[in-house]
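Only one structure is covered here, and it is reproduced in the block below.
The values are calculated or read from the model by the stated rules, or taken from the named source; none is laboratory data. Quick caveat: nothing in here was measured; it's all calculated off a predicted structure. All Cβ positions, glycine included, derive from the backbone under ideal geometry; neighbour counts span all protein chains shown. For accessibility, only protein heavy atoms count, side chains too; no ligands or nucleic acids. Shrake-Rupley method; radii C 1.70, N 1.55, O 1.52, S 1.80 Å.
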Amino acid sequence: MSDAARTAGYAAGWAAGARAAATLAEAQRVREQEEHERREAMRDEQVRSAANALHAAVAQWQALAAPVLAEAEATLHGAAIDLAEAVVAREVRPGPDGVESLLARALALPSGAHATALRLSAHDMPYVESARERGTISVPDGMTISVDAGLGPGESITEHPAGMLDARIGQALARARAALQDEE
């Protein structure tokens, strides 16, 4: 065998081996790419499944917790109004010690408004009359003071030409209670 033939055979063998190696390498690369894509798809499905499970758990928690939270909020609002009522009842002292405070609230009209009539509870009227006689309180000239059977101790309604000032504690608390219920 001549050197040329040997060199040609060697070159042909080397080329065939290189082609076979390239084919094997390409096949290996394709298998690895396919395996990578399969693992990515499996991971994506696991992430989707976990996210769906998490969303379902959150929805279930919200469905269970929302009514409980709403009830707790309503209870809290009711307790707040009850506390406010107790504080107001304590601070709006009916009787001789609360006359000045009662009149100050009753006559707290907008600027320029003049009281024409003041309605008080039957409980508070004797204390107001006694304080007027002693001169410890004064009322605007021309204002009439009368008893309103619908008023409780410490409550008043002041009339003026443009309307009235409603200082009924029960009504104010009812408005606050209704406002809190509207929020719910």
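Considering each residue of segment 64-79 in turn, none proves to be within 25 Å of residue 173 (Cα to Cα) and either at pLDDT 90 or above or among the aromatic types (Phe, Trp, Tyr) (or both). One residue is enough: does segment 70-77 have a residue meeting the conditions at negative phi, outside any helix (DSSP H, G or I) and either surrounded by fewer than 10 Cβ atoms within 10 Å (Cβ to Cβ) or under 52 Å from the mean Cα position of the chain (by Cα) (or both)? No: zero hits.
Residues in segment 107-148 that are within 15 Å of residue 163 (Cβ to Cβ) and open to solvent by 40 Å² or more (accessible area, probe 1.4 Å): 107, 108, 110, 111, 112, 114, 116, 119.
Of the candidates 35, 26, the single residue that is surrounded by 10 or more Cβ atoms within 10 Å (Cβ to Cβ), modelled with pLDDT of 85 or more, within 53 Å of the chain's Cα centre (by Cα) and not small (Gly, Ala, Ser) is 35. The residue that is modelled with the lowest pLDDT, counting only those in segment 88-106 that are of a type in the set (Gly, Ala, Ser) and open to solvent by less than 60 Å² (accessible area, probe 1.4 Å), is 95. Scanning segment 127-164 for residues that are hydroxyl-bearing (Ser, Thr, Tyr), at pLDDT 85 or above and over 10 Å from residue 115 (Cα atoms) gives 127, 130, 146, 156.
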